[in-house]
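Visitor: This is the structure, below, for whatever I ask next.
The values are calculated or read from the model by the stated rules, or taken from the named source; none is laboratory data. Bear in mind that the values here come from a model prediction, so they are computed numbers and not experimental data. Glycine also receives a Cβ, built like all others from the backbone with ideal geometry; neighbour counts cover every protein chain displayed.
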């Protein structure tokens, strides 16, 4: 009995010989790269290497650097939105508006804790005007209903919450309390005990949600 050995030609494997692209994992690696180094600083070759595929296959799958950025942001924002909407439906119907907002704040921050790259990317893109920022605002903020925003508006209109512009509490939540996630190394460096306590981040998130909701009450 003989065993036939198939020899591959020298050089890089062709796209047809490579493993299929795991879109979700690849887009996660891309989002992390864009969040860490910005759009201009992120390298497609480095992203392809992190995904375990060739630069050519990455281009073939997503078309361009802009196409990869768009797909990565869309996956990150879709994940965040889906989780928040899903978790809100689990609350009892008797829950008050302030309880629902508190839960929404916790859901938002816990999702960021699981996938911090999306808020890190927003810190970069939100600092300057660009076509990318316009795309994020139009696609994900103006054309979708977010539980935190809708609850803030409902509470403000009913008089339960202070009549402040929604941008104020939302920014405090995403980029204030969100720093507990996006700047986790700094938070742990300030207090080393936080890195050794499994429940420390959950307590910080709950405390941040408490402060935001209490501060909003009229």
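Visitor: Checking residue 81 against (1) under 23 Å from residue 201 (Cβ atoms); (2) without any contact (Cβ under 8 Å) to a residue 24 or more places away in the chain: exactly one of these is not met. Which one?
Guide: (2)
Visitor: Continuing with this model, one more query. Taking interchain pairs and intrachain pairs at least six residues apart, which have beta carbon atoms under 8 angstrom, with the first residue in region 33-52 and at positive phi and the second surrounded by 15 or more Cβ atoms within 10 Å (Cβ to Cβ) and part of a helix (DSSP H, G or I)?
Guide: Final answer for the pair search is 38/124.
Visitor: Of the residues 83, 29, which single one is at pLDDT below 90, under 29 Å from residue 185 (Cβ atoms) and assigned to a helix (DSSP H, G or I)?
Guide: 83
Visitor: Oh, and also: How many residues are farther than 17 Å from residue 133 by Cβ and in contact with a helix residue (DSSP H, G or I) (Cβ under 8 Å, 6 or more places away or on another chain) if we restrict to region 30-54?
Guide: The total comes to 14.
Visitor: Right, another one. Taking the criterion of being touching a strand residue (DSSP E or B) at 6+ places or on another chain (Cβ under 8 Å) and either part of a helix (DSSP H, G or I) or closer than 22 Å to residue 73 by Cβ (or both), would at least one residue in region 179-191 satisfy it?
Guide: No: region 179-191 contains no residue that is touching a strand residue (DSSP E or B) at 6+ places or on another chain (Cβ under 8 Å) and either part of a helix (DSSP H, G or I) or closer than 22 Å to residue 73 by Cβ (or both).
Visitor: Here's another thing I want to ask about it. For region 146-178, give me each residue that is in contact (Cβ under 8 Å) with a residue 40 or more places away in the chain, in a helix (DSSP H, G or I) and over 25 Å from residue 136 (Cα atoms).
Guide: Listed by number, the residues that qualify are 155, 158.
Visitor: Return the residues of region 189-205 that are surrounded by 15 or more Cβ atoms within 10 Å (Cβ to Cβ) and modelled with pLDDT of 80 or more; say none if nothing qualifies.
Guide: Hits for region 189-205 are 200, 201, 204, 205.
Visitor: Same structure, new question: Quick check on region 99-140: of everything there that is surrounded by 15 or more Cβ atoms within 10 Å (Cβ to Cβ) and assigned to a loop (DSSP other than H, G, I, E, B), which residue is modelled with the highest pLDDT?
Guide: 126
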